[in-house]
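Chemist: Here it is: the structure, laid out below.
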Amino acid sequence: MFKKCLKYDLKAFAKIWLIAAAVMLVLSVVCSIGLGSFINATASMAVIEGQGSEPDSLQIMSLVARMCIGMLCYIVLIYSLVIFLGGTSIMVLIRYYTKFFTDQGYLTFTLPVRRSTQFWSKAIAGFVYTAASGVVALISILMAIGSVIIALVMTPNAAESFPIEELTSIFTPVNGVCGVIALLLAILLIAAIVFASMMMNYLVITLAATMFRKLKILSVIVSYYVVNNIIAVPIIYVGTYGLMFALMFLAMGLETMFAVPVLAWLCIYALLLLGIVAAVTVGIILANFTVLRLERKLNLA
Amino acid sequence: MNQPILVCEKLCKSYKRNVPVLDELDFVVEPGRIVGLLGPNGCGKSTLLKLISGLLTPNSGTITICGEPRSEQSNAVISFLPERPYFSSAMTVNAMMDYFEDFYTDFDRSLCEVMLKDLAIDPKARMRTLSKGTKEKVQLVLVMARRAKLYLLDEPIGGVDPAAREYILKTIIGNYNPEASVIITTHLIADVEGVLDDFAFVDAGKIAMCGNADEVREQNGKSLDELFREVFRCSRNA
């Protein structure tokens with residue numbers, strides 16, 4: 001039954017999400033070209049000024065036009081990323097609310113499927129779409145940075161005025177095997193934080209929808225604000241983000257503190273793993289509360 | 001003797017503290033019966049069906065389905081028709097049939113297709129393009145195309161035209177498994193009276209009167225519709 005539930009939960013978003021992701025990627029390509037053109041123009045101008053010659057009016061007009069287009073592309077890219085990522089999260093939460101707590105819940109909860117199965121199917125489908133959106137956003141950002149690097153590389157003598165080496169280092173492999181392991185663990189930590197945050201959102205919706213019979217959407221918003229401040233801030237954000245920042249500082253200092261670099265890496269791994277375990281544990285506890293509430297207090301009047 | 005399909009014992013439900021909708025209600029349904037659950041607005045008919053189907057959690061009391069305490073697995077033998085449409089408006093009728101086929105092993109797709117054809121409903125149509133009455137017909141057809149043991153029909157004929165009403169009642173009688181039971185709630189007592197084996201009048205969260213429909217008609221020399229008007233007029237004046 002879990003496979004069937006997951007199939008429908010994944011299918012529900014597939015069409016709209018694929019269209020949104022395709023639009024996002026096309027926008028990223030267009031914006032990256034615009035950004036590249038802007039950087040190329042700025043770099044060319046800096047090179048001309050560096051050589052001590054004055055740019056002519058045509059060059060200034062071209063620069064202003066490319067700057068405007070570049071800025072527009074930058075703004076469009078940032079807003080579309082926010083809308084795409086935020087839209088995915090909202091879509092996932094709306095589906096959860098609609099399938100469980102509106103008239104559609106009459107069908108959902110009269111299926112011969114356990115409520116925990118229904119919940120985890122929606123949670124996993126939501127997580128898959130959130131993670132996939134994160135990957136699409138990362139590709140878009142890398143495309144934009146890539147276009148900036150290409151524009152700088154194509155401009156003669158630009159390396160003297162712009163930090164091309166620092167930018168290209170983003171695309172170089174991380175510090176050997178130890179670095180790759182740390183990077184993978186860091187990605188897992190981010191995924192675990194996203195998971196815990198999603199579970200908190202589901203709990204908030206479930207609490208509000210099962211406690212209040214009227215003004216459910218308003219009560220969801222109020223409950224979100226309350227629970228977010230009570231649970232999310234101290235546990236999820238301070239706990240896991242704090243851990244990440246601590247890691248960064250430790251990563252900088254440990255290699256110099258320890259005579260053996262392996263020990264430094266082991267400390268980093270241990271801290272990253274601790275963060276992952278903490279976030280996943282919080283997520284599972286919140287999920288269990290939600291399932292318990294669905295099993296014991298469901299009232300679809 | 002066969003065990004009852006449904007047993008509700010001392011069932012209590014209230015939405016607000018100290019305002020019971022169901023008050024220690026006892027209700028038993030034997031196999032192979034069509035039972036009319038009748039009562040005025042707000043007497044607790046729909047609440048009872050929602051408790052049986054698991055959409056509401058009782059404050060106290062027990063519900064037993066086919067000898068087992070109610071659980072998610074009971075939904076495999078219960079076919080519930082709520083009073084409001086529960087499908088996503090983006091789904092087509094065909095997609096709904098796929099959904100039922102996937103989740104209910106007792107769903108008879110060919111029977112469903114025949115009934116849709118009889119009611120001239122296009123399986124390719126999306127829910128949002130259908131009228132309110134047609135949506136109700138689609139939902140009823142899907143619910144009745146299951147080979148369930150207990151059918152819970154909440155106002156199945158309330159929103160459809162008289163011609164379709166007749167077809168729906170014929171469908172209810174003709175398609176359910178003879179070992180199964182049907183519970184119908186409705187205000188249109190005169191319309192459903194002919195198909196009922198048993199009846200239960202619900203008033204203020206309790207069963208005010210119940211029994212065999214034919215016997216009660218014979219004893220009182222009145223139709224259920226007339227008896228309903230009399231009982232509830234009396235209970236209001238008391």
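Chemist: Please report, in Å, the Rg and the Dmax of segment B:21-70, where both are computed over Cα atoms only.
Modeler: Expressed in Å, the Cα Rg and Dmax of segment B:21-70 come to 11.3, 31.
Chemist: Per the Kirkwood formula on distinct C-alpha pairs, the Rh of chain B is how many angstrom?
Modeler: Computed over Cα pairs of chain B, the Kirkwood hydrodynamic radius comes out at 18.4 Å.
Chemist: Amide H to amide H, which residues 5 or more places from B:I34 or on other chains are under 5 Å from it, using H placed in the peptide plane?
Modeler: Here B:V182, B:D197, B:D198 satisfy the definition.
Chemist: Beyond a 20 Å Cα-Cα separation, which of these cross-linked pairs lie in this structure: A:K15/A:K122; A:K122/B:K50; B:K117/B:K149; B:K13/B:K137?
Modeler: A:K122/B:K50; B:K117/B:K149; B:K13/B:K137
Chemist: For the B and A pair, go ahead and give the buried accessible area with a 1.4 Å probe, both sides summed, in Å² to 100.
Modeler: 2500
Chemist: Please identify, among B:K135, B:K149, B:K117, the residue showing maximal mean-square fluctuation in a Gaussian network model of chain B using a 10 angstrom Cα cutoff.
Modeler: Judging by the Gaussian network model, the answer is B:K117.
Chemist: Sticking with this structure for a sec: Suppose we compare each residue of segment A:64-108 in its chain alone and in the full protein complex with a 1.4 Å probe; which ones drop by at least 40 Å² of accessible area?
Modeler: Output list: A:D103, A:Q104, A:Y106, A:L107.
Chemist: Continuing with the same structure: For the protein assembly as shown, report the translational diffusion coefficient in µm²/s to the nearest whole number, using Stokes-Einstein at 25 °C, 0.890 mPa s, and a Kirkwood Rh over Cα pairs.
Modeler: It diffuses with D of about 88 µm²/s by this estimate.
Chemist: Using a 10 Å cut-off on Cβ to Cβ distances, tally the other chain neighbours for every residue of B:80-88 and report the average as a whole number.
Modeler: The shielding value for this peptide is 5.
Chemist: Straight-line reach from B:K206: which aspartates and glutamates have Cα under 16 Å away, leaving out those fewer than 8 places along the same chain?
Modeler: B:E9, B:D23, B:E24, B:D26
Chemist: For a distance above 18 Å, tell me the whole-number percent of Cα pairs in segment A:1-171 that qualify.
Modeler: Above the 18 Å cut-off, segment A:1-171 has 68 percent of its Cα pairs.
Chemist: Please report the relative contact order for segment B:69-178, taking Cα pairs under 8 Å with a sequence separation of at least 6, and give it as a percent rounded to a whole number.
Modeler: Reported relative contact order: 38 percent.
Chemist: Here is a follow-up. Rounded to the nearest whole Å³, what is the per residue volume of the convex hull around the Cα atoms of segment B:1-89?
Modeler: Enclosed volume per residue, from the Cα hull, is 127 Å³.
Chemist: Dividing the Cα radius of gyration by the Kirkwood radius, what Rg/Rh value follows for segment B:105-198?
Modeler: Rg divided by Rh gives 0.94.
Chemist: Over the protein assembly as shown, average the accessible area per residue using a 1.4 Å probe and give it in Å², no decimals.
Modeler: 49
The values are calculated or read from the model by the stated rules, or taken from the named source; none is laboratory data. Quick caveat: nothing in here was measured; it's all calculated off a predicted structure. Positions of Cβ are backbone-derived with ideal geometry, glycine not excepted, and every protein chain shown enters the neighbour counts. Please note that ligands, DNA and RNA were not included when accessible areas were found on the heavy atoms of the full protein model with its side chains. Shrake-Rupley method; radii C 1.70, N 1.55, O 1.52, S 1.80 Å.
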